[in-house]
Structures are given as structure tokens and as C-alpha cells.
Amino acid sequence: GINADSWPERSRDVVRIPQALKTFISLVQHGLTEPFTTYQAMLARFWSERIASADDGSSLVSLAEDMAGTMAEEEVLWLAATRFDERLLWLNRLEALGLVVRSNNGLSIAFSHQTLFEFVLARTFVRDHGLLANYVLERQDSLFVRSKVWAALNYLRGAEQGAYQRELLKIWNVQTLRRHLRLLLIEFLGQVRSPFE
């Protein structure tokens with residue numbers, strides 16, 4: 001029932017990605033039919049409409065952020081569900097909302113898609129000044145950090161430009177920054193449509 005022919009080309013490109021289309025459909029099922037020019041904007045809307053504004057939103061947000069933080073710290077994508085037994089009600093709610101999935105045997109949990117994990121983790125980097133740079137610099141030897149940096153920079157650039165510039169420059173100005181991260185930053189800046197001075 002949605003005529004995407006009238007949408008801007010960027011919005012049509014966004015929903016051509018299967019995970020983005022799935023997220024968009026979940027929003028449509030709740031009455032939101034506006035086009036999004038970026039996947040990040042779509043995730044932000046999903047987050048605000050389905051997670052943060054729920055009656056138990058603060059508990060849901062806290063649990064999702066704790067999960068993302070633990071996964072990032074331990075460099076894993078799945079955690080034992082028993083870690084969150086004391087918050088089982090909210091874990092079940094996150095699962096019902098489509099943010100979290102369980103393993104086939106029900107013993108482990110993960111975000112339903114890696115981009116959701118990266119989005120939730122990126123949100124945590126906004127709260128604390130220097131958190132992204134510290135996270136990156138402590139994990140320079142890990143390739144696991146690359147997708148987190150990319151997602152976090154995308155999120156920060158859209159959400160808070162001052163934090164984005166501050167964190168990017170803090171990472172960039174480290175003389176001993178590993179080559180794979182410096183090249184990642186160059187690649188990131190190269191794909192930005194309208195870079196800041």
C-alpha cells in the first residue's frame with residue numbers, strides 16, 4: 001500500500017537493503033510510512049517509537065545498552081541469556097519488539113541483526129565524552145573494532161556533529177594509530193557526501 005515511486009532516490013536505495021526493508025516494514029505496521037534518507041534515521045525512529053517511548057522504555061534502553069556494552073567489551077555477538085535472568089521480563093520484551101533473538105536452543109541471546117547492535121553501541125558513545133576514542137584506542141589490534149567505528153561515526157555525524165568531530169579528531173591525531181584504522185577513517189571521510197571543513 002505504499003507507493004515508493006514518489007520517494008527520493010536515496011530513500012528508495014535505503015529500503016533496497018533487506019535489513020532496512022525489514023525495519024521499515026515493522027514501522028509501517030505501526031502506522032509510520034514516511035520515507036527515510038538513511039538507515040541510521042530509520043533505526044533512530046524505530047528506537048524512539050518502539051523502544052524508548054514504551055512504558056518500560058528506560059528499562060529496555062538500559063538492558064539493550066548493557067548487552068551492547070558487554071558484547072563490545074568481550075568482542076562477541078552472542079551472550080548467555082542467564083546473564084540477564086534478573087531482567088527476564090525486559091529481555092522478553094526486547095525479543096517481542098524484534099531487537100533481540102534467541103539461539104535455537106534458547107540459551108544465548110543476540111541482537112536480531114549486527115547493525116542493530118552497532119546502532120545501540122553507537123548511542124552509548126554519545127553519552128560519554130571521549131568514550132568512542134578510548135574504545136577504539138584500547139582495541140586497535142582487533143579487527144572487531146572496525147565495524148563499530150564505522151557505525152559509531154555514522155551515528156555521531158547524524159546525531160551530534162560536535163561530538164563526531166571531537167571523537168574523529170581525537171582518534172585521527174594519535175600518532176601510533178594502527179594503519180588499518182587510519183585507512184578506515186580515510187575511507188569513511190571519502191564516502192561522506194558533504195564533509196565538514
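The values are calculated or read from the model by the stated rules, or taken from the named source; none is laboratory data. These numbers were taken from a predicted model, which means no experiment stands behind them. Neighbour counts are summed over all protein chains in view; Cβ atoms, including those assigned to glycine, are modelled from backbone coordinates with ideal geometry. All accessible areas refer to the heavy atoms of the entire protein, side chains included, with ligands and DNA or RNA removed. Shrake-Rupley method; radii C 1.70, N 1.55, O 1.52, S 1.80 Å.
Among 117, 171, 51, whose Cα lies farthest out toward the positive end of the dipole of region 47-193, if unit charges sit on the beta carbon of Lys, Arg (+1) and Asp, Glu (-1)?
Most positive-ward Cα: 171.
Size of the dipole of region 30-93 about the Cα centre, Lys and Arg at +1 and Asp and Glu at -1 on the beta carbon, nothing else charged, in debye to 20?
Details: 5 positive and 11 negative charges, 50 e Å.
Taking the Cα centre of region 30-93 as origin, the dipole is about 240 debye.
Enumerate the amide H contacts of residue 100 below 5 Å, restricted to partners 5 or more residues apart or on another chain; note that Pro and chain-start residues carry no placed amide H.
Correct list: 95, 112.
For every helix of n ≥ 4 consecutive DSSP H residues, a contribution of -39,500 (n - 2.57) applies; sum these over the chain, divide by its total residues, and give [θ] at 222 nm rounded to the nearest 500 deg cm²/dmol.
The helix contribution divided over the chain gives -17500 deg cm²/dmol.
GNM, the chain, Cα, under 10 Å: largest mean-square fluctuation among 134, 92, 104?
Comparing 134, 92, 104 in the GNM, the peak value goes to 104.
So, with +1 on the Cβ of K and R and -1 on the Cβ of D and E, and no other charges, what is the size of the charge dipole of the chain about its Cα centre, to the nearest 20 debye? Could you put the intermediate results ahead of the total?
Numbers: 22 positive and 23 negative charges, 103 e Å.
Result for the chain is approximately 500 debye, rounded to the nearest 20.
Taking region 66-127, which GluC sites (Glu not before Pro) meet the DSSP loop condition and have no more than 15 other C-beta atoms within 10 Å? Let's see the in-between values first.
Details: sites: 73, 74, 75, 86, 95, 118; in loops: 75.
Answer by residue number: 75.
What's the Cα-based Rg to Rh of region 9-78, Rh via Kirkwood? The partial results should precede the final answer.
Working: Rg = 14.0 Å, Rh = 13.4 Å.
Using only Cα positions, Rg/Rh for region 9-78 is 1.04.
Counting only protein chains, not ligands or nucleic acids, how are 109, 2 ordered by accessible area (probe 1.4 Å), most first? Walk me through the numbers before you get to the answer.
Values: 109 0, 2 70 Å².
So the residues, ranked largest to smallest area, are 2, 109.
Which three numbers, in whole Å and largest first, are the semi-axes of the equivalent ellipsoid of the chain derived from its Cα gyration tensor as √(5λ)?
Details: eigenvalues 150, 116, 40 Å².
Equivalent-ellipsoid dimensions as semi-axes: 27, 24, 14 Å.
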